[in-house]
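Participant: Let me begin by handing over the structure; questions about it come next.
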Ligand SMILES: Cc1cc2nc3c(=O)[nH]c(=O)nc-3n(C[C@H](O)[C@H](O)[C@H](O)COP(=O)(O)OP(=O)(O)OC[C@H]3O[C@@H](n4cnc5c(N)ncnc54)[C@H](O)[C@@H]3O)c2cc1C
């Protein structure tokens, strides 16, 4: 155990607690939220990123009530909400345009990612030391730190160096396209077209946020990527055609779909949070949600901790199964959404579930037999 400096306790007068030196690699949603919460508890935090710039494209994330409670704990919920939209419901649409279900939004806030990051970064206490550098070797990061936090995303160097080659992110043979347009959304929906999916949600300020998954295909430039998307999904539904008509290469981003196989997120004094621990398919919209919950759980586990390893074990016990549950669920939804040959049966089953949900939300009774 390294030397333990002590500071005044937050837990009561006359008691002392250990001030930890916490080094965090990655200033995305997970790392910035963790830095804000851990520093607010009086620990020394260093936050490292190769690029503290805002994401160039303002696509939206859905944040559900548990993530909103973390934002409230950081003190930024009002600021985040001020730049968000909050749709009441959306439709799940099957092949051929049949509405399979009308789904309540679950009180989600749709937040442009740059706005979320800006709010989190403004909340960082001034004592947090920020270092801009591209890390190539993890070993020096462990020196002088009581805890090293890997918040370095999908292709985490910390995960690779500590957990080995088996923990490398794996591709799913799919391409994800995301974009925004200035026009209002023609509807709020996710269409499962049979081998592809296309989502349309509102964007703060009146525009549209859209996302699509298609079988892997990369053109030399974004214009070619958009042209390919129009070939795959064009003509299936008027709402999708309208969104694609308004889309432009400069307002579109394209990447492969990768996830990480299950790893226990703690080794010695190193802990993984966010995508570094459990990068998941985007289909349940929970990557940033779990990243925020990880940050809060880590700050809680470290608060008042006298010994690091039991504290990190508490963190793992709290988050590992929950995070893996979301990862697994997202993958199931990915496969359901992208199903091609079985899409007819899938849509029939979902149509039944959707009608039952609609009846329940209207308070209808089943007819007496
Ligand atoms: C299409 C799509 C839609 C999504 N929709 C939603 C949604 O609706 N709701 C939701 O909750 N989530 C959604 N997500 C997921 C969400 O965006 C991510 O899960 C979340 O942003 C992960 O945050 P993070 O902080 O863990 O990682 P990241 O945001 O990837 O941050 C990692 C940081 O580490 C830095 N870094 C990495 N390596 C190094 C290095 N070697 N040296 C220095 N710096 C380094 C990077 O610069 C970066 O800033 C979606 C994802 C996709 C692909």
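The values are calculated or read from the model by the stated rules, or taken from the named source; none is laboratory data. Here the structure is a predicted model, which means the values were calculated and not measured. Please note: Cβ atoms are built from the backbone with ideal geometry, for glycine as well, and neighbour counts cover all protein chains shown.
Participant: Picking from 212, 246, 238, which residue would you name as being without any contact (Cβ under 8 Å) to a residue 60 or more places away in the chain and more than 15 Å from the ligand (Cβ to nearest atom)? Write out each step before concluding.
Facilitator: On the way: 212 fails: more than 15 Å from the ligand (Cβ to nearest atom); 246 fails: without any contact (Cβ under 8 Å) to a residue 60 or more places away in the chain.
On inspection, the qualifying residue turns out to be 238.
Participant: Would you confirm whether or not the stretch 322-337 contains a residue that is modelled with pLDDT under 95, assigned to a helix (DSSP H, G or I) and in contact with a strand residue (DSSP E or B) (Cβ under 6 Å, 6 or more places away or on another chain)?
Facilitator: Yes: the stretch 322-337 contains one or more residues that are modelled with pLDDT under 95, assigned to a helix (DSSP H, G or I) and in contact with a strand residue (DSSP E or B) (Cβ under 6 Å, 6 or more places away or on another chain).
Participant: Taking only the stretch 131-160 into account, find how many residues are surrounded by fewer than 16 Cβ atoms within 10 Å (Cβ to Cβ) and either within 12 Å of the ligand (Cβ to nearest atom) or outside any helix (DSSP H, G or I) (or both).
Facilitator: Residues that pass the stated criteria total 9.
Participant: Here is a follow-up. Taking the stretch 194-229, which residues are part of a loop (DSSP other than H, G, I, E, B), under 24 Å from the mean Cα position of the chain (by Cα) and under 26 Å from residue 104 (Cβ atoms)?
Facilitator: 196, 203, 204, 205, 206, 207
For every residue, the table says whether it meets (1) in contact with a strand residue (DSSP E or B) (Cβ under 6 Å, 6 or more places away or on another chain); (2) buried (at least 24 other Cβ atoms within 10 Å of the Cβ).
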site: 221; (1), (2): no, no
site: 225; (1), (2): yes, no
site: 260; (1), (2): no, no
site: 269; (1), (2): yes, no
site: 277; (1), (2): no, yes
site: 282; (1), (2): no, no
site: 292; (1), (2): no, yes
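Participant: Checking residue 243 against (1) within 28 Å of residue 169 (Cβ to Cβ); (2) surrounded by 22 or more Cβ atoms within 10 Å (Cβ to Cβ): exactly one of these is not met. Which one?
Facilitator: Of the numbered conditions (1) within 28 Å of residue 169 (Cβ to Cβ); (2) surrounded by 22 or more Cβ atoms within 10 Å (Cβ to Cβ), the odd one out for residue 243 is (1).
Participant: Moving to a separate point now. Assuming residue 182 fulfils every condition listed in (1) farther than 13 Å from residue 259 by Cβ; (2) near the ligand (Cβ under 10 Å from one of its atoms); (3) out of contact with any strand residue (DSSP E or B) (no Cβ under 7 Å at 6 or more places or on another chain) apart from one, which condition is it?
Facilitator: Only one criterion is unmet by residue 182, namely (2).
Participant: Same structure, new question: Is it the case that residue 27 is near the ligand (Cβ under 10 Å from one of its atoms) and surrounded by fewer than 18 Cβ atoms within 10 Å (Cβ to Cβ)?
Facilitator: Numbers: near the ligand (Cβ under 10 Å from one of its atoms): yes; surrounded by fewer than 18 Cβ atoms within 10 Å (Cβ to Cβ): no.
Judged against the criteria, residue 27 is not a match.
Participant: Taking the stretch 253-275 as the region of interest, how many residues are touching a helix residue (DSSP H, G or I) at 6+ places or on another chain (Cβ under 7 Å), within 12 Å of the ligand (Cβ to nearest atom) and either assigned to a strand (DSSP E or B) or free of Cβ contacts under 8 Å to residues at least 40 places away in the same chain (or both)?
Facilitator: Final tally of qualifying residues: 3.
Participant: Out of everything in the stretch 38-60 that is within 21 Å of residue 156 (Cβ to Cβ) and surrounded by 24 or more Cβ atoms within 10 Å (Cβ to Cβ), what residue ends up being nearest to the ligand (Cβ to nearest atom)?
Facilitator: This residue is 47.
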